[in-house]
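Colleague: Just passing along the structure, written as structure tokens.
Any read-out appearing in this document is the output of simple, stated calculations on the displayed coordinates, not a laboratory observation. Just so we're clear, the structure is a prediction, and the values are computed from it rather than from any experiment. Neighbour counts run over all protein chains shown; Cβ positions are idealised from the backbone, glycine included.
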Ligand code: SF4
Ligand code: SF4
């Protein structure tokens, strides 16, 4: 980790010095112990502030969209960030040449309060960045995917095993806790619409009231909009101030699409190939 | 709006049996003609269904389905052309993928599967339209009224519509 931190600092300084990038996005120490926060630096002299340890829980991908306006952005990418970057390129939000990717093989991050590995890291299928300009450090080995899949979808299967009434109650509780701050949308590298359906006041899709109906509407439509493109970076669930288990919605969608239409994983390349944006004439039929 | 008031009236008397409201999205090029043909042939089907004509089943945004349920409909039926017969070539193929996944998600979060159904019904299948509508109405009647938010429903006498006031028609918002 310290070796990686040093290489990020060194490369960030060099890139800023040479003018290849106007800004570097990384992490720095936060206010509390074992906490980091995203760092945006424009001067090579600030490179020393960069920190990389096992508490770098924020995924940086989405920040690039705002920052690229000022010029080419250098950004640290682990598996989750790299897939987000690919996704944004596929969605035509970003051009590959607008970013310089400092690849970081990642062993997983920890929760600062419990010290345990994050759920998104336990279930991570790509610990090495899938796209980068240079790799800082030796590649790590991924856990074999069948093993991961058992953990990845364990919660979904547990919920599916409940009765309908139990599921209804469970999700009513989940949706009831949502305060509709839209943090889950803001951090998501897939939610990139300039104008989100929740902000279209005249169309009136989303009422402003905070009640179960509106919250359910928001959460189900959010997951519908990202479902076939989610890169499972876990940012939405991490950012949620109310601790909603959003991955339980995302992963349900991901697993269904995979089972029904062999969707596979998203963000592995920057080609646009959304499962719900294509079809096969011999797709399975259940509406006859 | 009158749709909501009907049930409120029915609910308040308390004596009448529950009559579900079903919203059927019908594709202009197939099911809508099928429904028309059913009428021409003097077929009878429950009056609980409100047919809403859409240009294509692919036009049915899942947001419509949730909105309908939130605004007091007890069940939603989406009908389109058989795969391969879409007037716009591929609209129903997209609809199929999307609605298959969306339907699973609704069930996962606790909706009864009967409350949201999808069927392919061509312009000549008047009988299939009648049978489908009848069976959906019967299934939903069995289930009882859809109460999206139990707390709200009790509070405002099942008029969940009040949770999202509709802008006055033609009015500036
Ligand atoms: S971040 Fe959490 S509380 Fe905020 S809108 Fe999303 S789900 Fe709701
Ligand atoms: S929905 Fe959540 S997990 Fe999926 S890409 Fe967006 S932030 Fe990441």
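Colleague: Report the gain in length on full extension from residue A:281 to residue A:183: 0.36 nm times residue separation, minus Cα-Cα distance, nm rounded to one decimal.
Modeller: Stretched fully, the residue A:281-residue A:183 segment lengthens by 31.5 nm.
Colleague: Something else now. Based on alpha-carbon atoms only, what is the radius of gyration of the stretch A:2-135 relative to the globular estimate 2.2 N^0.38 Å?
Modeller: Compactness ratio reported: 0.99.
Colleague: Sticking with this structure for a sec: When 1/r is averaged over all different Cα pairs and the result inverted, which Kirkwood radius in Å belongs to the stretch A:188-253?
Modeller: Numbers: mean 1/r = 0.0789 Å⁻¹.
In the stretch A:188-253 this quantity evaluates to 12.7 Å.
Colleague: Which of these, A:132, A:55, A:170, has the largest mean-square fluctuation under a Gaussian network model of chain A (Cα springs below 10 Å)?
Modeller: Residue with maximal mean-square fluctuation among A:132, A:55, A:170: A:170.
Colleague: Provide a whole-number value for the mean count of partner chain Cβ atoms within 10 Å of the Cβ atoms in peptide A:218-224. Please report the intermediate quantities before stating the final value.
Modeller: Details: counts 1, 1, 10, 6, 0, 4, 8.
Per-residue shielding by partner chains comes out at 4.
Colleague: Follow-up. Once you keep just the Cα pairs under 8 angstrom separated by 6 or more residues, what percentage relative contact order results for the stretch B:2-155?
Modeller: 33 percent
Colleague: Additional query: Would you mind computing the Rg to Rh ratio of the stretch B:2-155 from its alpha-carbon coordinates, Kirkwood style for Rh?
Modeller: Working: Rg = 15.6 Å, Rh = 15.9 Å.
Result: Rg/Rh = 0.98.
Colleague: Related question: Give the average over all directions of the projected area of the C-alpha convex hull of the protein assembly as shown, one decimal, in nm².
Modeller: 24.6 nm²
Colleague: What distance in nm separates the simple spin-label points at residue B:82 and residue B:43, each placed 7 Å from Cα in the Cβ direction?
Modeller: Calculated label separation equals 1.4 nm.
Colleague: Another question, then. Pop a pseudo-label 7 angstrom from the Cα along the beta-carbon direction at both residue B:53 and residue A:44 and give the gap in nm to one decimal.
Modeller: The answer from the label model is 7.0 nm.
Colleague: Taking each residue in B:60-70, count the Cβ atoms of any other chain within 10 Å of its Cβ, then average. What number comes out?
Modeller: Mean inter-chain Cβ contacts per residue within 10 Å come to 4.
Colleague: Springs between alpha-carbon pairs under 10 angstrom, Gaussian network model over chain A: which of A:141, A:36, A:125 fluctuates most?
Modeller: Its mean-square fluctuation being the largest, the pick is A:141.
Colleague: Under a 10 Å cutoff between Cα atoms, tell me which one of A:83, A:167, A:152 has the largest fluctuation in the Gaussian network model of chain A.
Modeller: Among A:83, A:167, A:152, the largest GNM mean-square fluctuation belongs to A:167.
Colleague: Right, another one. What is the mean number of Cβ atoms from other protein chains located within 10 Å of the Cβ atom of each residue in peptide B:108-117, rounded to a whole number? Walk me through the numbers on the way to the answer.
Modeller: On the way: counts 13, 16, 12, 6, 2, 1, 0, 0, 0, 1.
Mean shielding by partner chains, rounded to a whole number: 5.
Colleague: So, R0 is 56 Å and r is the distance between the beta-carbons of residue A:92 and residue A:34; what FRET efficiency does that work out to, to 0.05?
Modeller: Between residue A:92 and residue A:34 the formula returns 0.90.
Colleague: What is the antiparallel percent of DSSP beta bridges lying wholly in chain A, to the nearest 5?
Modeller: Approximately 40 percent, going by the DSSP bridge assignments.
Colleague: For the stretch A:165-288, what is the convex hull (Cα atoms) projected area averaged across all directions, in square nanometres?
Modeller: Taking a quarter of the hull surface, the average projection is 9.4 nm².
Colleague: Then there's this: Which of the peptides A:100-110, A:40-50, B:70-80 is most tightly packed, and how do the rest follow, going by the mean number of other Cβ atoms within 10 Å of each residue?
Modeller: By packing density, highest mean first, the sequence is B:70-80, A:100-110, A:40-50.
Colleague: With n ≥ 4 as the cut-off for DSSP H runs, can you work out [θ] at 222 nm for the protein assembly as shown, using -39500 (n - 2.57) per run divided by the number of residues, rounded to the nearest 500?
Modeller: -11500 deg cm²/dmol, from helical runs alone.
Colleague: What would the Debye formula give as log10 I(q)/I(0) at q = 0.20 Å⁻¹ for the alpha-carbon point model of the stretch B:68-120, no solvent?
Modeller: After summing over all Cα pairs, the log10 values are -0.74.
Colleague: Per-residue counts of other Cβ atoms within 10 Å, averaged by peptide: what ranking do you get for A:17-29, A:212-224, A:154-166, highest first?
Modeller: Details: A:17-29: 17.9, A:212-224: 22.5, A:154-166: 12.9.
The densest-packed peptide leads the list: A:212-224, A:17-29, A:154-166.
Colleague: Note down the nm distance, to one decimal, between modelled labels 7 Å out along Cα→Cβ at residue A:112 and at residue B:138.
Modeller: Going from the residue A:112 label point to the residue B:138 one covers 6.1 nm.
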